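Please read the structure below before turning to the comments.
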Amino acid sequence: MEPIVIRVRENGPLLILGAVKVVDHLGNEFTVPAGKDAIALCRCGQSKNKPFCDGSHRVCGFVAVEIARPAQADQR
C-alpha cells in the first residue's frame with residue numbers, strides 16, 4: 001500500500017493527495033469535496049470553510065515556507 005502524500009504548500013494549505021476521510025475530534029466525518037483528486041486543509045486559520053482551505057491565505061498575509069531537510073546518508 002502506497003503512503004498518503006501530504007504536500008506542504010508554500011504560504012498555503014496542506015494538500016492531501018488521494019482518498020482520505022477527515023473527521024473532527026468527536027469522530028464525525030466532514031463532507032469532502034466530491035470529484036477531486038486532492039483536498040486542501042487550511043493552515044492560515046482564516047478559512048470560512050474550516051478545516052478546508054478557501055483561499056483566504058492569499059489575502060490575510062499568511063507566510064509559511066517550511067521545507068523538509070534532506071535525509072542524511074548513513075555515515076558508517
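Key figures
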item: Total residues in segment 53-72, condition of a type in the set (A, V, I, L, M, F, W, C) and touching a Pro at 6+ places or on another chain (Cβ under 8 Å); result: 1
item: Which listed residue, of 68, 64, is surrounded by fewer than 10 Cβ atoms within 10 Å (Cβ to Cβ), in a loop (DSSP other than H, G, I, E, B) and not acidic (Asp, Glu); result: 68
item: Residues (within 27 Å of residue 31 (Cα to Cα) and aliphatic (A, V, I, L, M)) located in segment 48-63; result: 59
item: Residue tally, condition free of Cβ contacts under 8 Å to residues at least 40 places away in the same chain and buried (at least 17 other Cβ atoms within 10 Å of the Cβ), over segment 49-61; result: 2
item: Number of the exception - residue 6 against (1) part of a strand (DSSP E or B); (2) loosely packed, with under 12 Cβ neighbours inside 10 Å; result: (2)
item: Filter result (at pLDDT below 90 and either under 24 Å from residue 67 (Cα atoms) or surrounded by 12 or more Cβ atoms within 10 Å (Cβ to Cβ) (or both)) within segment 18-48; result: 18, 20, 32, 37
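The values are calculated or read from the model by the stated rules, or taken from the named source; none is laboratory data. Only a predicted model underlies this, so the values are computations on that prediction, with no experimental measurement involved. In this analysis, Cβ positions are derived from the backbone assuming ideal geometry, glycine residues included, and neighbour counts consider all displayed protein chains.
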